[in-house]
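See structure below.
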Amino acid sequence: MTFPEQAVVVAVSVAACVFDLRTRKIPNLLTFGAAFAALSFGALTQGGSGMLNALGGWAVGCALFLPWFLLGGMGAGDVKLVAALGAWVGPGSAVWLALYAGLAGGPLAIAVSLARGYLRQSFTNLWHLLMFWRIAGVRPMPSLTLQTANSPRLPYALPIAVGAVMVIWLR
(Lines give C-alpha, C1' and ligand atoms only; values in the text may rest on other atoms or scores of the structure.)
Protein backbone atom coordinates (compact mmCIF):
# COMPACT_ATOMS: atom_id res chain seq x y z
CA MET A 1 0.00 0.00 0.00
CA THR A 2 1.50 3.28 -1.10
CA PHE A 3 1.64 6.45 0.96
CA PRO A 4 -1.13 8.15 -1.08
CA GLU A 5 -3.40 5.15 -0.47
CA GLN A 6 -2.60 5.22 3.24
CA ALA A 7 -3.34 8.95 3.35
CA VAL A 8 -6.74 8.42 1.73
CA VAL A 9 -7.61 5.64 4.18
CA VAL A 10 -6.72 7.83 7.14
CA ALA A 11 -8.50 10.89 5.70
CA VAL A 12 -11.70 8.93 4.99
CA SER A 13 -11.55 7.36 8.45
CA VAL A 14 -11.10 10.73 10.18
CA ALA A 15 -13.88 12.35 8.14
CA ALA A 16 -16.21 9.45 8.97
CA CYS A 17 -15.39 9.82 12.68
CA VAL A 18 -16.19 13.53 12.59
CA PHE A 19 -19.53 12.94 10.88
CA ASP A 20 -20.42 9.98 13.10
CA LEU A 21 -19.57 11.84 16.30
CA ARG A 22 -21.49 14.98 15.28
CA THR A 23 -24.51 13.56 13.48
CA ARG A 24 -24.49 9.78 14.16
CA LYS A 25 -24.52 9.34 10.38
CA ILE A 26 -21.79 8.64 7.82
CA PRO A 27 -22.68 10.30 4.50
CA ASN A 28 -23.12 8.21 1.36
CA LEU A 29 -21.05 10.77 -0.52
CA LEU A 30 -18.07 9.89 1.69
CA THR A 31 -18.48 6.10 1.58
CA PHE A 32 -19.53 5.67 -2.03
CA GLY A 33 -17.12 8.42 -3.12
CA ALA A 34 -14.22 6.68 -1.38
CA ALA A 35 -15.19 3.32 -2.89
CA PHE A 36 -15.46 4.80 -6.39
CA ALA A 37 -12.12 6.56 -5.92
CA ALA A 38 -10.50 3.26 -4.85
CA LEU A 39 -11.88 1.46 -7.90
CA SER A 40 -10.69 4.28 -10.17
CA PHE A 41 -7.27 4.45 -8.51
CA GLY A 42 -6.85 0.69 -8.84
CA ALA A 43 -7.83 0.77 -12.51
CA LEU A 44 -5.54 3.71 -13.29
CA THR A 45 -2.48 2.40 -11.45
CA GLN A 46 -2.76 -1.37 -11.95
CA GLY A 47 -5.32 -1.85 -14.69
CA GLY A 48 -8.03 -4.46 -14.46
CA SER A 49 -6.29 -6.37 -11.67
CA GLY A 50 -6.14 -3.24 -9.51
CA MET A 51 -9.81 -2.57 -10.07
CA LEU A 52 -10.69 -6.20 -9.24
CA ASN A 53 -8.56 -6.01 -6.10
CA ALA A 54 -10.45 -2.90 -4.99
CA LEU A 55 -13.78 -4.53 -5.83
CA GLY A 56 -12.76 -7.62 -3.85
CA GLY A 57 -11.81 -5.49 -0.85
CA TRP A 58 -15.15 -3.68 -1.07
CA ALA A 59 -17.04 -7.00 -1.21
CA VAL A 60 -15.13 -8.50 1.73
CA GLY A 61 -15.64 -5.39 3.88
CA CYS A 62 -19.33 -5.35 3.06
CA ALA A 63 -19.76 -9.10 3.67
CA LEU A 64 -18.07 -8.99 7.08
CA PHE A 65 -20.20 -6.18 8.52
CA LEU A 66 -23.49 -6.66 6.66
CA PRO A 67 -24.76 -9.40 9.03
CA TRP A 68 -24.56 -7.02 12.00
CA PHE A 69 -26.60 -4.46 10.08
CA LEU A 70 -29.18 -7.08 9.12
CA LEU A 71 -29.46 -8.11 12.78
CA GLY A 72 -30.22 -4.49 13.73
CA GLY A 73 -27.03 -3.89 15.69
CA MET A 74 -25.13 -1.61 13.32
CA GLY A 75 -25.93 1.24 10.98
CA ALA A 76 -25.67 0.99 7.21
CA GLY A 77 -23.08 3.77 7.16
CA ASP A 78 -20.71 1.60 9.20
CA VAL A 79 -21.06 -1.24 6.69
CA LYS A 80 -20.48 1.12 3.76
CA LEU A 81 -17.45 2.63 5.52
CA VAL A 82 -15.78 -0.75 6.04
CA ALA A 83 -16.56 -1.65 2.43
CA ALA A 84 -15.06 1.64 1.15
CA LEU A 85 -11.93 1.23 3.26
CA GLY A 86 -11.74 -2.40 2.17
CA ALA A 87 -11.66 -1.19 -1.43
CA TRP A 88 -8.55 0.82 -0.59
CA VAL A 89 -6.72 -1.84 1.42
CA GLY A 90 -7.73 -4.92 -0.61
CA PRO A 91 -9.55 -8.11 0.32
CA GLY A 92 -6.91 -9.67 2.60
CA SER A 93 -6.39 -6.51 4.60
CA ALA A 94 -10.15 -5.86 4.72
CA VAL A 95 -10.48 -9.01 6.82
CA TRP A 96 -7.86 -7.66 9.25
CA LEU A 97 -9.47 -4.22 9.26
CA ALA A 98 -12.81 -5.75 10.28
CA LEU A 99 -11.13 -7.91 12.93
CA TYR A 100 -9.21 -4.98 14.43
CA ALA A 101 -12.37 -2.83 14.35
CA GLY A 102 -14.23 -5.52 16.25
CA LEU A 103 -11.42 -5.83 18.78
CA ALA A 104 -11.39 -2.05 19.28
CA GLY A 105 -15.19 -1.86 19.42
CA GLY A 106 -15.49 -4.10 22.49
CA PRO A 107 -13.43 -1.98 24.89
CA LEU A 108 -14.87 1.23 23.45
CA ALA A 109 -18.42 -0.08 23.97
CA ILE A 110 -17.56 -1.00 27.55
CA ALA A 111 -16.10 2.48 28.09
CA VAL A 112 -19.26 4.15 26.71
CA SER A 113 -21.44 1.91 28.90
CA LEU A 114 -19.34 2.69 31.97
CA ALA A 115 -19.38 6.42 31.27
CA ARG A 116 -23.18 6.39 30.93
CA GLY A 117 -23.81 4.08 33.91
CA TYR A 118 -25.24 1.42 31.61
CA LEU A 119 -22.71 -1.42 31.91
CA ARG A 120 -24.88 -3.77 33.97
CA GLN A 121 -27.83 -3.25 31.62
CA SER A 122 -25.54 -3.84 28.61
CA PHE A 123 -24.55 -7.26 29.93
CA THR A 124 -28.18 -8.05 30.76
CA ASN A 125 -29.16 -7.10 27.20
CA LEU A 126 -26.36 -9.26 25.82
CA TRP A 127 -27.60 -12.22 27.86
CA HIS A 128 -31.19 -11.67 26.66
CA LEU A 129 -29.98 -11.45 23.06
CA LEU A 130 -28.01 -14.69 23.32
CA MET A 131 -31.00 -16.48 24.88
CA PHE A 132 -33.31 -15.07 22.19
CA TRP A 133 -30.97 -16.38 19.48
CA ARG A 134 -30.78 -19.77 21.20
CA ILE A 135 -34.57 -20.08 21.20
CA ALA A 136 -35.66 -18.21 18.08
CA GLY A 137 -32.55 -18.50 15.91
CA VAL A 138 -30.18 -15.77 14.85
CA ARG A 139 -32.43 -12.92 13.79
CA PRO A 140 -33.09 -9.38 15.03
CA MET A 141 -34.48 -9.18 18.55
CA PRO A 142 -37.25 -6.57 18.19
CA SER A 143 -36.55 -4.87 21.53
CA LEU A 144 -32.76 -4.64 20.96
CA THR A 145 -32.19 -3.01 17.59
CA LEU A 146 -30.75 0.42 16.85
CA GLN A 147 -34.25 1.64 16.07
CA THR A 148 -35.92 0.39 19.27
CA ALA A 149 -33.30 0.27 22.03
CA ASN A 150 -32.64 3.35 24.13
CA SER A 151 -29.14 2.35 25.21
CA PRO A 152 -26.07 4.55 24.69
CA ARG A 153 -24.70 4.39 21.16
CA LEU A 154 -21.09 3.93 20.13
CA PRO A 155 -20.24 5.86 16.95
CA TYR A 156 -18.71 2.81 15.26
CA ALA A 157 -16.62 4.91 12.86
CA LEU A 158 -14.18 5.20 15.78
CA PRO A 159 -13.32 1.49 16.07
CA ILE A 160 -13.38 1.21 12.27
CA ALA A 161 -10.78 3.99 12.12
CA VAL A 162 -8.69 2.12 14.71
CA GLY A 163 -8.93 -0.97 12.50
CA ALA A 164 -7.83 1.02 9.45
CA VAL A 165 -4.84 2.51 11.25
CA MET A 166 -3.86 -0.91 12.59
CA VAL A 167 -3.94 -2.37 9.06
CA ILE A 168 -1.67 0.43 7.81
CA TRP A 169 0.65 0.19 10.80
CA LEU A 170 1.02 -3.60 10.79
CA ARG A 171 1.23 -4.04 7.05
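The values are calculated or read from the model by the stated rules, or taken from the named source; none is laboratory data. None of these values were measured; they are calculated from a predicted model. As a convention, Cβ positions derive from the backbone with ideal geometry for all residues, glycine included, and neighbour counts pool all protein chains shown. Calculation scope for accessible area: heavy atoms of the full protein, side chains included, ligands and nucleic acids excluded. Shrake-Rupley method; radii C 1.70, N 1.55, O 1.52, S 1.80 Å.
Rounded to the nearest 10 degrees, the angle from helix 3-23 to the longest Cα principal axis of the chain is 30 degrees.
The angle separating the long axis of helix 91-115 from the principal Cα axis of greatest extent in the chain is about 30 degrees. Entry note, the chain: relative contact order of 28 percent, from Cα contacts under 8 Å with a spacing of 6+ residues. Between Phe41, Leu70, Leu114, whose Cα lies farthest towards the positive end of the dipole of the chain when Lys and Arg beta carbons carry +1 and Asp and Glu beta carbons carry -1, centred on the Cα centre? Of the candidates, Leu114 comes out farthest on the positive side. Whole Å is fine, so just give me how far the alpha carbon centre of the stretch 60-126 lies from that of the stretch 156-171. That distance is 11 Å. Tell me the mean residue ellipticity at 222 nm calculated for the chain from its helices only (DSSP H runs of n ≥ 4, each -39500 (n - 2.57), averaged over every residue, nearest 500). Using -39500 (n - 2.57) per qualifying helix, the result is -27500 deg cm²/dmol. To the nearest 10 degrees, how steeply does helix 76-89 sit against the main Cα axis of the chain, on a 0 to 90 scale? That works out to roughly 30 degrees.
At a probe radius of 1.4 angstrom, the accessible area of the chain per residue rounds to 55 square angstrom. How far apart, in nm, are the 7 Å Cα→Cβ label points at Phe36 and Ile110? For the pair Phe36/Ile110, the computed spacing is 4.2 nm. Between Ala84, Ala16, Ala37, the residue with the greatest mean-square fluctuation in the GNM of the chain (Cα pairs under 10 Å linked by springs) is Ala37. For the stretch 95-157, the square roots a ≥ b ≥ c of the C-alpha gyration tensor eigenvalues yield an a/c of 1.5 or more together with a/b not exceeding b/c, which makes the shape oblate.
What does the charge dipole of the stretch 34-171 about its Cα centre add up to, to the nearest 20 debye, if the Cβ of each Lys and Arg holds +1 and the Cβ of each Asp and Glu holds -1?
Its charge dipole is roughly 300 debye.
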